[in-house]
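**Student:** Have a look at this one.
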Amino acid sequence: MRLEITVQDVEGVRAAQTGGADRVELCQALALGGLTPSSGATQLAALVGPEVHVLVRPREGGFACTATEISVMVRDVEALLDAGAAGVVVGALTADGDALDRHAMKALVRAAEGHPVAVHRCVDVLLGIFRRDPAALVDELAGLGVSRMLTSGGAPRALEGLAVLTALAEAAEGRIEITAGGGVRPEHVPALAGAGVDAIHLSARAEATDAGPAGPGGGHDAYATTDAALVAAARSALDALA
C-alpha cells in the first residue's frame, strides 16, 4: 500500500518526504477543498520529491464545469505536466451531478498524454448521493483511461465508507488503483487496509501562525501546514501491516 499526502506548498512536500510519503497531491487553498497549484510550485515540488501529482480544479464549489472551465483545466494539465508533475488529479460531473462528464474526462485524459490520471472525490457524489454501483463506476473509469480513484466510499469520512471501499477494491482487480481518502488519521490505517484499498490519502495538517500581523486585505495570521510527525505516524501504521 502506498501513502499519499495532500499538501498545498513546497514546504509541505518536504514534510511529506521527511515523514516517508510515497507520493504527494499538490494543490493550493486546502481550506476551499483544494485548487490548482501554480506552475512555479509544481516545478519546485518536482525537484524536492517524492512523486508529485497535481490537483487540477479551477474553483471552489461543485464539480459541474462549464466549457470554459474545462478548457482551462485542459491547459492546466498540459502546463503542469510540462512543469514536472508525474500525474494529475481531475474530475467533472454533469450539470445534474448524477454522472461523470464523459466529454470533460476524455479531454483531460487526452491532455495528460499517457501520464497517470486520477479522479478526485467528485466520485463520492455519485457513490454517496446517487448510490452508483461501485463495479459499474470502476468499469466506466477504466474505460475512460483513468488510472486511479480517490474516494471515501461515498461517506463523509473514509472510515465510514468501508463497505463501498471494499466493493470498489474487489471490482478494480488491479485495473485502477483505489486510494482511500477523507478524514483519514494514522489510527484508521489498519481498518482501511482491511478493505483492500491500494493506497491511503491524508492531509496530515497542523496549524501554524504567521509572525506578521493580519492585513486589511483579507490576510489571516493562522494557516495550515503539513505535519511530518503525522506523516511518519501513518507511514509506521502502514509498515506495521507488512
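The values are calculated or read from the model by the stated rules, or taken from the named source; none is laboratory data. Every value quoted in this text rests on a predicted model; they were computed, and no experiment measured them. Glycine gets a Cβ as well: all are built from the backbone with ideal geometry, and neighbour counts include every protein chain shown.
**Student:** Step by step: first the residues of the stretch 14-55, then only those that are in contact with a Ser or Thr (Cβ under 8 Å, 6 or more places away or on another chain) and aliphatic (A, V, I, L, M), then the one that is farthest from Ala199 (Cα to Cα). Which residue is that?
**Tutor:** Filtering the stretch 14-55 for residues that are in contact with a Ser or Thr (Cβ under 8 Å, 6 or more places away or on another chain) and aliphatic (A, V, I, L, M), the one farthest from Ala199 (Cα to Cα) comes out as Leu30.
**Student:** Could you tell me how many of the residues in the stretch 135-163 are in a loop (DSSP other than H, G, I, E, B) and of a type in the set (Lys, Arg)?
**Tutor:** Of the residues in the stretch 135-163, 1 are in a loop (DSSP other than H, G, I, E, B) and of a type in the set (Lys, Arg).
**Student:** Also, I was wondering about something else. Looking at the structure I just gave you, is Ala242 over 26 Å from Gln28 (Cβ atoms), modelled with pLDDT under 95 and not acidic (Asp, Glu)?
**Tutor:** Taking the combined requirement at face value, the residue satisfies it.
**Student:** Only one of Thr166, Thr179 is closer than 25 Å to Ile5 by Cβ, assigned to a helix (DSSP H, G or I) and of a type in the set (Val, Ile, Thr); which?
**Tutor:** Of the residues listed, the single one that is closer than 25 Å to Ile5 by Cβ, assigned to a helix (DSSP H, G or I) and of a type in the set (Val, Ile, Thr) is Thr166.
**Student:** Which members of the stretch 207-234 meet the condition of being outside any loop (DSSP other than H, G, I, E, B) and at pLDDT below 60?
**Tutor:** none
**Student:** Which one is farthest from the chain's Cα centre (by Cα), of the residues in the stretch 99-126 that are more than 22 Å from Leu3 (Cα to Cα) and in contact (Cβ under 8 Å) with a residue 40 or more places away in the chain?
**Tutor:** Going through the qualifying residues, I end up with Arg102.
**Student:** Go through the residues of the stretch 162-175 one by one and say whether even a single one is under 15 Å from the mean Cα position of the chain (by Cα) and hydrophobic (A, V, I, L, M, F, W, C).
**Tutor:** no
**Student:** Evaluate the following for Glu60: is it free of Cβ contacts under 8 Å to residues at least 60 places away in the same chain, loosely packed, with under 14 Cβ neighbours inside 10 Å and either in contact with a helix residue (DSSP H, G or I) (Cβ under 6 Å, 6 or more places away or on another chain) or under 19 Å from Arg148 (Cβ atoms) (or both)?
**Tutor:** Numbers: free of Cβ contacts under 8 Å to residues at least 60 places away in the same chain: yes; loosely packed, with under 14 Cβ neighbours inside 10 Å: yes; either in contact with a helix residue (DSSP H, G or I) (Cβ under 6 Å, 6 or more places away or on another chain) or under 19 Å from Arg148 (Cβ atoms) (or both): yes.
When the stated conditions are applied, Glu60 passes them.
**Student:** Among the candidates Asp198, Asp139, single out the residue that is among the acidic types (Asp, Glu) and over 22 Å from Leu230 (Cα atoms).
**Tutor:** Asp139
So that you can scan it fast, the table gives a plain yes or no per residue for (1) part of a strand (DSSP E or B); (2) more than 22 Å from Arg121 (Cβ to Cβ):
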residue: Gln43; (1), (2): no, yes
residue: His53; (1), (2): yes, no
residue: Gly61; (1), (2): no, no
residue: Met73; (1), (2): no, no
residue: Asp76; (1), (2): no, no
residue: Leu81; (1), (2): no, no
residue: Gly84; (1), (2): no, yes
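**Student:** Considering the stretch 1-40 alone, what residues qualify as being buried (at least 23 other Cβ atoms within 10 Å of the Cβ) and part of a helix (DSSP H, G or I)?
**Tutor:** Gly12, Val13, Ala15, Ala16
**Student:** Same structure, new question: If a residue must be out of contact with any helix residue (DSSP H, G or I) (no Cβ under 6 Å at 6 or more places or on another chain) and buried (at least 19 other Cβ atoms within 10 Å of the Cβ), how many such residues does the stretch 74-107 contain?
**Tutor:** Final tally of qualifying residues: 8.
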